[in-house]
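Data block below; observations after.
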Amino acid sequence: IALNARCQLLPARSDARRGRVAFLGPVPALPGPAGPWVGVELDEPTGKNDGAVAGERYFQCGKNCGVFVRPERVEVGEFPPLEVGEDMEEL
């Protein structure tokens with residue numbers, strides 16, 4: 001996983017959102033065990049934030065276009081942005 005790489009979230013069958021890797025590292029304000037997080041700037045506003053958590057900015061993106069996930073939930077590859085109206089179930 002590298003910064004600016006195109007990616008999709010896993011499991012692809014139920015969460016095939018796509019975007020680009022915008023952050024790699026710890027996010028102390030997030031619950032759960034310590035460890036790295038991957039900040040993804042999503043192609044569509046289906047996220048939970050704008051790249052900030054608890055007032056701390058980790059990356060910049062539009063409202064609801066950011067999400068933080070564990071590395072095992074990220075698949076890096078040449079994933080083009082979804083076309084408007086494209087059904088993720090068909091992918």
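Any read-out appearing in this document is the output of simple, stated calculations on the displayed coordinates, not a laboratory observation. What you see is a predicted model, and the numbers here were worked out from it, not measured in a lab. Because the Cβ atoms are built from the backbone with ideal geometry, glycine has one as well, and the counts that use them run over all protein chains shown.
Key figures
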{"quantity": "Distance in nm between pseudo-label sites at ARG13 and ALA34 (7 Å out along the Cβ direction from Cα)", "calculated": "3.6"}
{"quantity": "The chain - percent relative contact order, Cα under 8 Å, separation 6 or more", "calculated": "31"}
{"quantity": "Farthest toward positive dipole pole in the chain [+1 Lys/Arg, -1 Asp/Glu at C-beta], among CYS7, PRO45, PRO71", "calculated": "PRO71"}
{"quantity": "Unit charges on C-beta of K, R, D, E only; dipole of the chain, Debye", "calculated": "460"}
